[in-house]
Amino acid sequence: MAGKGPELFSDIGKKARDLLLKDYSNEQKFTVASFSDIGVGLNSTVTKRGGLYSGDVAAQYKQKNAVLHLKFDTESNISSVLTVTDILPSTHVIASLRLPNYNSGKLEAQYFHEHATFTTAFALDKSPSVDISATIGTPHIAFGAEASFVTNSGYFAKYNAGVSVTKADSNASAILADKGDSLRVAYLHLFEQLNGGAVVGEISRKFSTNENTLTVGCSYVLNSQTAVKAKLNNHGNLGALLQHQLTQKSFLTISGAFHTNALTNYPKFGLTLLLKP
């Protein structure tokens with residue numbers, strides 16, 4: 001039923017966020033990935049952040065309606081995520097654990113209906129919290145809310161609300177977050193003149209500090225293998241990105257960030273190379 005009803009609350013405004021944030025990076029990352037016919041996938045990644053290097057090896061195994069993700073990194077962390085679909089009709093169950101932090105376990109259930117979605121998650125630690133979110137509507141308009149309740153202390157750590165309106169060539173969203181202290185409104189529009197690219201505008205306001213941030217961005221498809229993106233906010237932060245498809249599943253992404261109000265500062269650059277056979 002996923003996709004036939006309203007989106008999850010976590011997906012409200014996601015299209016605009018992806019255009020403004022996805023693939024932008026100040027890191028240098030190299031990933032080699034492979035996937036076999038028996039449902040096993042392997043990823044090896046090396047990342048440079050500043051002058052420090054880190055790496056991880058990730059494995060994925062698919063079997064019928066279950067997917068298991070395992071990741072081992074150079075800081076001796078082991079993370080696992082098990083996703084099982086349709087244990088009950090129109091449901092997803094997600095269990096996660098990160099070692100050596102034995103208190104990091106989390107169990108989440110998602111339910112998809114033609115006119116509603118519902119998620120609930122339980123943190124399996126010494127101070128367990130319960131996260132609940134729900135949306136009602138259709139694939140074209142959705143109203144939703146989410147909350148996190150800390151059981152030991154008996155208080156709400158967060159509660160947010162949002163609305164999303166989606167058309168074939170546009171998406172608008174508004175999210176009231178931080179217990180009502182911040183508001184984020186975004187609008188994305190696809191343009192044929194951009195060869196499948198889009199423009200987006202987002203304004204966010206934090207009421208306690210009277211701080212406003214306006215961000216505009218766009219994407220443009222140069223050809224079937226290459227796309228560019230750019231973004232700028234009212235604080236002078238400029239970002240640009242170029243992504244080139246080397247093969248059907250391999251990508252090279254180059255991004256940069258520059259503060260136009262501090263011209264003496266050096267720009268920051270990121271490079272990501274993903275190789276898949």
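The values are calculated or read from the model by the stated rules, or taken from the named source; none is laboratory data. Note that this is a predicted model, so its numbers are computed, not measured. Glycine also receives a Cβ, built like all others from the backbone with ideal geometry; neighbour counts cover every protein chain displayed. When the accessible area is computed, the model is the full protein with side chains, heavy atoms only, and any ligands, DNA or RNA have been set aside. Shrake-Rupley method; radii C 1.70, N 1.55, O 1.52, S 1.80 Å.
Computed from label points 7 Å out along Cα-Cβ, the spacing between residue 234 and residue 152 is 4.1 nm. Spin-label model, residue 120/residue 49: points 7 Å from Cα along the beta carbon direction are separated by 3.5 nm.
Estimated translational diffusion coefficient (Stokes-Einstein, Kirkwood radius over Cα pairs, 37 °C, 0.692 mPa s) of segment 32-150: 197 µm² per second.
In the assembled protein chains, residue 98 presents an accessible area of approximately 100 Å² (probe radius 1.4 Å). Counting charges near residue 260 (Lys, Arg +1; Asp, Glu -1) among other residues having Cβ under 14 Å from its Cβ returns a value of +2. The tail of the calculated P(r) for segment 121-277, taken as Cα-Cα distances beyond 29 Å, holds 42 percent of the pairs.
When the helix-only estimate is applied to the chain (DSSP H runs of n ≥ 4, each -39,500 (n - 2.57), divided by the residue count), what is the mean residue ellipticity at 222 nm, nearest 500 deg cm²/dmol?
-1000 deg cm²/dmol
Largest first, the residues 241, 263, 214 sort by 1.4 Å accessible area into 263, 214, 241. Rounded to the nearest 0.05, the FRET efficiency derived from the C-beta distance between residue 210 and residue 99 at R0 = 35 Å is 0.20. Couplings 3J(HN,Hα) of segment 100-117, computed from phi: x, 7, 5, 8, 8, x, 8, 10, 10, 10, 10, 10, 10, 10, 4, 10, 6, 10 Hz, in residue order, whole Hz [Karplus 6.51 cos²θ - 1.76 cosθ + 1.60, θ = phi - 60°; x for Gly and Pro].
Computed over neighbours whose Cβ is under 15 Å from that of residue 213, the net charge equals +1, Lys and Arg +1, Asp and Glu -1.
Give, to the nearest whole percent, the P(r) tail of segment 86-193 beyond 22 angstrom, counting all Cα pairs. Please list the in-between numbers first.
On the way: 2752 of 5778 pairs.
The proportion of pairs with Cα distances above 22 Å equals 48 percent.
Pairs 62/268; 158/276; 15/62; 158/229: which exceed 31 Å Cα-Cα? It would help to have the intermediate numbers written out before the result.
On the way: 62/268 38 Å; 158/276 40 Å; 15/62 27 Å; 158/229 33 Å.
Beyond 31 Å: 62/268; 158/276; 158/229.
Computed over the Cα atoms of segment 191-233, what is the ratio Rg over Rh, Rh following Kirkwood?
On the way: Rg = 14.3 Å, Rh = 11.8 Å.
Using only Cα positions, Rg/Rh for segment 191-233 is 1.21.
Across segment 202-209, rounded Karplus estimates of 3J(HN,Hα) from the backbone phi angles (6.51 cos²θ - 1.76 cosθ + 1.60, θ = phi - 60°) give 9, 10, 10, 9, 10, 5, 5, 10 Hz, Gly and Pro being marked x. Normalised by the number of residues in segment 155-277, the mean separation of alpha-carbon contacts (under 8 Å, six or more apart) gives a relative contact order of 12 percent. Computing Rg and the Kirkwood Rh from the Cα coordinates of the chain gives a ratio, Rg/Rh, of 0.97.
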